[in-house]
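**Q** Encoded as structure tokens, here's the structure I'll be asking about.
The values are calculated or read from the model by the stated rules, or taken from the named source; none is laboratory data. Predicted, not measured: the structure shown is a model, and the values here were computed from it. Because the Cβ atoms are built from the backbone with ideal geometry, glycine has one as well, and the counts that use them run over all protein chains shown.
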Amino acid sequence: MSQLQGKIAIVTGGSRGIGRAIAETFVREGATVVICGRKQETLDAVAAEIGPAVKPLACHVGRADDIRRLVDFAGPVDILVNNAGTNVAQGPCLEMDEAQFDKMVEVNLKSAFRLMNAVAPGMCERGSGSIVNIASISGLRPQLHGMLYSMTKAALIMMTQSYAVELGPRGVRVNAIAPGLIQTKLSEYYWKDDARRNSQIDRQPIRHLGQPREIAEAALLLAGEGASYMTGQTLTIDGGFLLSSI
Ligand SMILES: NC(=O)c1ccc[n+]([C@@H]2O[C@H](COP(=O)([O-])OP(=O)(O)OC[C@H]3O[C@@H](n4cnc5c(N)ncnc54)[C@H](OP(=O)(O)O)[C@@H]3O)[C@@H](O)[C@H]2O)c1
């Protein structure tokens, strides 16, 4: 049986990569999925490819007005996936400026805060809902020259736990996923470099480059009833990369 039959989901950053794979997987399981990204025409093209159960709306997740429009457009939401993210501000900690700090917080962190606060009250009223936050293994270990990214992902993991504690008694589960290296546009600076890609994969017990669908299947588990006794957790999906310490 379809695991998400009749459910309504929002997946931010659904125009490509992990978000698109999550949208495709949720639609396969019977959900209606509202996707957002910054360009309406890109989203329209993705919706045309996946099918009519995808509802596209342009929304910059760093903007409060856009978030409100997205939530109004979606209607009563059963599942929220905070996936949109950026890793633009890379470099040594001492070279980061306040504008970069603010941008990373706005897009990677405040977006999730705004969306959860906009969507969760309705979930609580209805007594059910599932929120999945896409964090990163960089939120569990510091990424060299990725302090701002790591910081926002670490905070997203703690935000997940904090909301889980408060919303659980009201029927809403909140979990996170910490992907390792996944083959998408965001990480192409890394996996397109043969030396970096190979050294990463050599450290993984599972020796292939992670694919978006491998994160999407975990998001499906967390979104659906299969995870009815799970909340506040962060699933690390990295081919075992973090196991190698020496
Ligand atoms: N790939 C990895 O190795 C990896 C590892 C760990 C965690 N992650 C996390 O996984 C999530 C998805 O990343 P990905 O790898 O799938 O990256 P991606 O292929 O670059 O996709 C990012 C998505 O987010 C959207 N987006 C970016 N900025 C946005 C904004 N301000 N407002 C609305 N949408 C925005 C993009 O659409 P537009 O550009 O059209 O707006 C796109 O749909 C991110 O949170 C990332 O941090 C990725």
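**Q** Of the residues in segment 74-133, how many are more than 11 Å from the ligand (Cβ to nearest atom), in contact with a Phe, Trp or Tyr (Cβ under 8 Å, 6 or more places away or on another chain) and within 19 Å of Met158 (Cβ to Cβ)?
**A** The number of residues fulfilling the criteria is 3.
**Q** Scan segment 178-185 and tell me whether some residue there is more than 8 Å from the ligand (Cβ to nearest atom) and either under 24 Å from Tyr229 (Cβ atoms) or not in a loop (DSSP other than H, G, I, E, B) (or both). Quick ask: steps written out before the conclusion?
**A** Applying the first criterion (more than 8 Å from the ligand (Cβ to nearest atom)) to segment 178-185 yields none.
No - not one qualifying residue is present in segment 178-185.
**Q** Look at Val174 and say whether it is more than 10 Å from the ligand (Cβ to nearest atom), in contact with a Phe, Trp or Tyr (Cβ under 6 Å, 6 or more places away or on another chain), under 29 Å from Gln5 (Cα atoms) and at pLDDT 95 or above.
**A** Details: more than 10 Å from the ligand (Cβ to nearest atom): yes; in contact with a Phe, Trp or Tyr (Cβ under 6 Å, 6 or more places away or on another chain): yes; under 29 Å from Gln5 (Cα atoms): yes; at pLDDT 95 or above: yes.
In short, yes.
**Q** While we're on this one: Looking at segment 117-174, which of its residues are under 14 Å from the mean Cα position of the chain (by Cα) and hydrophobic (A, V, I, L, M, F, W, C)?
**A** Just the residues of segment 117-174 that are under 14 Å from the mean Cα position of the chain (by Cα), to begin with: 130-139, 149, 152-157, 159-160, 174.
Matches in segment 117-174: Ile131, Val132, Ile134, Ala135, Ile137, Ala154, Ala155, Leu156, Ile157, Met159, Val174.
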